[in-house]
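Asker: Could you have a look at this structure, given as structure tokens, before my questions?
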Amino acid sequence: MASLHVSPISLSARLKFLTDIFKTRDNGRTIFSALLVLVLGAYYISKKKQQGKFISNLSEVGSVSGRTRLEDEFDIIVVGGGTSGCALAVRLSEDSSIRVLLLEAGGSGRALPFSRMPAGSGRLFRSNHVFPLYTVPQVFAKDKKIFWPRAKLLGGCSSINAQMAQYGAPEDYDEWARHIGDDSWSWKHFQKYFRKFEKYIPDARYPEVDASVRGNSGPVRVGYFNTVSKTAKAFVESCIRTGIPFTPDFNGPKGTLGTNRIMTYVDQNYERVSSESAYLTPDVLARPNLKVAVNATATRILFENVDGEIRAVGVEYASSALGTRYCSRARREVILSAGAVHSPHILLLSGVGPAEQLKAHSIPVVKDLPGVGANLVDHCVFDIGFKDKHNDFPLIVKAKGPLDVLKIISSMIQYSVLGIGGPLAMNFGEYAAFVRSDDPTLFPPVEFPKQLEDSTSSENSPDLEIFTTPFAYKDHGATLFDVFTRALHVYLLRPNSRGTITLKSANAFDFPIINPNYLQSSDDVEKLMRGVKLCLRIAQQEPLRSYIDYSSGRSDLDQELHRKSDEELRELVRERVETVYHPTSTCRMAPMDQDGVVDSDLRVYGIKGLRVCDASFFPWIVSGHTAGACFAAAEKLADLIKTGLCCLNCNAFQHSTVTSFRVHSTDPLTHRWHDTFVGGRCCHLHLSVSVKAMVLLRRSLENNLLNFGT
Ligand SMILES: Cc1cc2nc3c(=O)[nH]c(=O)nc-3n(C[C@H](O)[C@H](O)[C@H](O)COP(=O)(O)OP(=O)(O)OC[C@H]3O[C@@H](n4cnc5c(N)ncnc54)[C@H](O)[C@@H]3O)c2cc1C
């Protein structure tokens, strides 16, 4: 039997990690650093008990020799323990007869204070818990290479994201359903899976939220537990004065358009709710039929030709580029949930993708599928920073004196000792506005005469989001300002530009080539430019206006941006465009002749036993934040697979009363025939047999090999 190990991050490494935090915070004021380390250390120890148990010795679930042992064989292998992968593996393993292996390239996110603490995740961007990806030079954006962090952690990007819980417009999903010709993806049907993952308990401060349309018993806590800055509330008032209506709930029945505070994935204990923290609870990790292997990077999918059909039968993985390659076998399915960059990458490495590209890297072609890695789309953003007059932001960017250091210590004590949240419970994306770039009240045709292509999913869906953060930043937070700031950000929700993920080499540990092709479409530039102008108008409206120091002479901030001409703003858009970290659609759910990679059950075309379930299957990017749809799709697929298995069994026995039966099966590894006698009871629709017998039955039913003894 495989034994379980706690992920081996040494105590000294953790202490070093903690001290590093404070070195950067107080410029070496060691006495304060020591205090803070103690506080965080206590916090860490109190949380350590909650950490799950993961398999880090890969030989416990995989073999090197190619000769698979029983413990290396699973029903389903999920590759990537991220936002979708954790949810999927956990829901599947609710059926105790399904043996699930979850393979994750990183370690635990919950083990990291900076992941659990809502304000902390930016600190992980340049750590080894994140894949340090960059785009190629963006030819339509002044040849900039853009930093593209993707999480390398359990929980995936839900362990490092901005925790903004908005799911896109309902009509986005209707568009998905129409495109793939399957109504189960329409909002009418798909919304139940958002409710399934959600836990929203009515909040007396927000009576306008219609709790009846929210889930109240799912694992993912959503709500308003994050701390918001004082100035942020002024944003909504200024938006309303600019002509953007108030909306009770961006995910509510009245639709997405409008302005309000944004709900977050932060729980009542002021901790981030990641896919790992929500789904991989200690109880779940104790399930005998679920194994979670960490530091296990999938290097390729294993295929076999079974009766003339290509079938995914397992996964090869390793803990490092030069590390031993292990293999685990999948009796039923391999499901890729490695995210919009890595799922197509793994398919390409495995020989599934555009044949020409595979041949160029001497990878044998298993299936010529041109859509793999195509259609990459991402939300891009333009950030606007102002000097804030009030100088009262509670988190100090760079402590300049004892008072600032005290503020930092106070924040730490509020969060870690008193448990009352405070500044460290900020997620920074606080309030937002969703608008349309063709709304004549916001963009009067006389001033904005150019007709732009409507890229939205319906007339009720937005194509621009504006949100506010309590400080401005550059380089993804690596560069902060030495004065108090407030920022507005506008991002393009429905870009026309499309890019690609392609192979750099056949080595699984070489990152792929990422080209989102930002601003390839001139309409994208125009829409972003309109969004920038709208932000500047909002910032000119009271009460926000009073917070902004328009007399500041700081040329590195944007007090003077409203003086620029449209042409100058377009140039600036190309110069300053950045990612808002939402890549999707690189293994699109679409008809195969439209660059489709998966069908409406997320099965890869032309290959048995292989699916993709993560942001890469989105047929179109949603006009909002992307994590919600990843959770919901994982919930949907888990239901589909479990129901499929149930039907498989039930149909066979529908009109039979069988008290014992004999199973002929093949061993999927050796293809040797077995003739196994399985005793048991079977009645209409329900079976009462051992788990092993169920597995054999399923295998036999699939292959039409079941003979009944009586
Ligand atoms: C900085 C940032 C801020 C964001 N803010 C928000 C927000 O506020 N709200 C929102 O809704 N969305 C936000 N997003 C986007 C959202 O988090 C993602 O779209 C979503 O989490 C993607 O989920 P996924 O399942 O597709 O992939 P991921 O969650 O990225 O999971 C992929 C997993 O696969 C693992 N993996 C990769 N390659 C391999 C391999 N070869 N073998 C094994 N494992 C592998 C990774 O380590 C990772 O755990 C943000 C994203 C980022 C990065």
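Asker: Post the alpha-carbon centroid distance, the stretch 599-623 to the stretch 519-572, in whole angstrom.
Answerer: Using only Cα atoms to place each centre, the spacing works out to 38 Å.
Asker: Multiplying the sequence separation of VAL136 and GLU453 by 0.36 nm and subtracting their Cα-Cα distance, what value in nm do you get?
Answerer: Full extension from VAL136 to GLU453 adds 111.4 nm.
Asker: Oh, and also: Quick one: which of 484-494, 140-150, 432-442, 162-172 comes out on top by average Cβ neighbours within 10 Å, and what's the full order, highest first?
Answerer: Result, highest mean first: 484-494, 162-172, 432-442, 140-150.
Asker: Another question about this same structure. Give me the net charge of LEU442's neighbourhood, meaning all other residues with Cβ under 13 Å from the Cβ of LEU442; Lys, Arg count +1, Asp, Glu -1.
Answerer: +2
Asker: Once the other residues with Cβ under 11 Å from the Cβ of GLY252 are scored (Lys, Arg +1; Asp, Glu -1), what is the net sum?
Answerer: -1
Asker: Using the Kirkwood radius over C-alpha pairs as Rh, can you work out the diffusion coefficient of the stretch 470-519 via Stokes-Einstein at 37 °C, viscosity 0.692 mPa s, in µm² per second?
Answerer: Answer from the Stokes-Einstein relation: 229 µm²/s.
Asker: Going out from 0 in 10 Å bins, what whole percent of all Cα-Cα distances in the stretch 204-320 drops into each bin?
Answerer: The percentages, shortest bin first, are 10, 25, 24, 16, 17, 7, 1.
Asker: Are there chymotrypsin sites (Phe, Trp or Tyr not before Pro) in the stretch 354-423 that DSSP puts in a loop and that have at most 14 other Cβ atoms within 10 Å, and which ones?
Answerer: In loop regions of the stretch 354-423 (DSSP not H, G, I, E or B), there are no sparsely surrounded chymotrypsin sites (Phe, Trp or Tyr not before Pro).
Asker: Now, a different point. Can you give me the Rg/Rh ratio for the stretch 258-362, using Cα atoms for both radii and the Kirkwood formula for Rh?
Answerer: 1.09
Asker: Then there's this: So, counting K/R as plus one and D/E as minus one, what does the shell of residues with Cβ under 15 Å around SER546 add up to?
Answerer: +2
Asker: Here's something else I'd like to know. What is the distance, in nm, between label points placed 7 Å from the Cα along the Cα-to-Cβ direction at LEU406 and at GLU567?
Answerer: Result for the modelled spin labels: 5.5 nm.
Asker: Another question about this same structure. Sequence gap at least 6, Cα distance under 8 Å: using those rules, report the relative contact order of the stretch 288-334 to the nearest whole percent.
Answerer: Relative contact order for the stretch 288-334 comes out at 32 percent.
Asker: Over all pairs of distinct alpha carbons, what does the Kirkwood formula give as the hydrodynamic radius of the stretch 323-397, in Å?
Answerer: Result for the stretch 323-397, one decimal place: 16.6 Å.
Asker: Additional query: Give, in nm to one decimal, the length gained when the segment between LYS474 and GLU71 is fully stretched (0.36 nm per residue of separation minus the Cα-Cα distance).
Answerer: My answer for the length gained is 140.2 nm.
FYI, it's all coordinate maths here, none of it is from the lab. Every value quoted in this text rests on a predicted model; they were computed, and no experiment measured them. Reconstructed Cβ throughout: ideal geometry from the backbone, glycine too, with neighbour counts over all protein chains shown.
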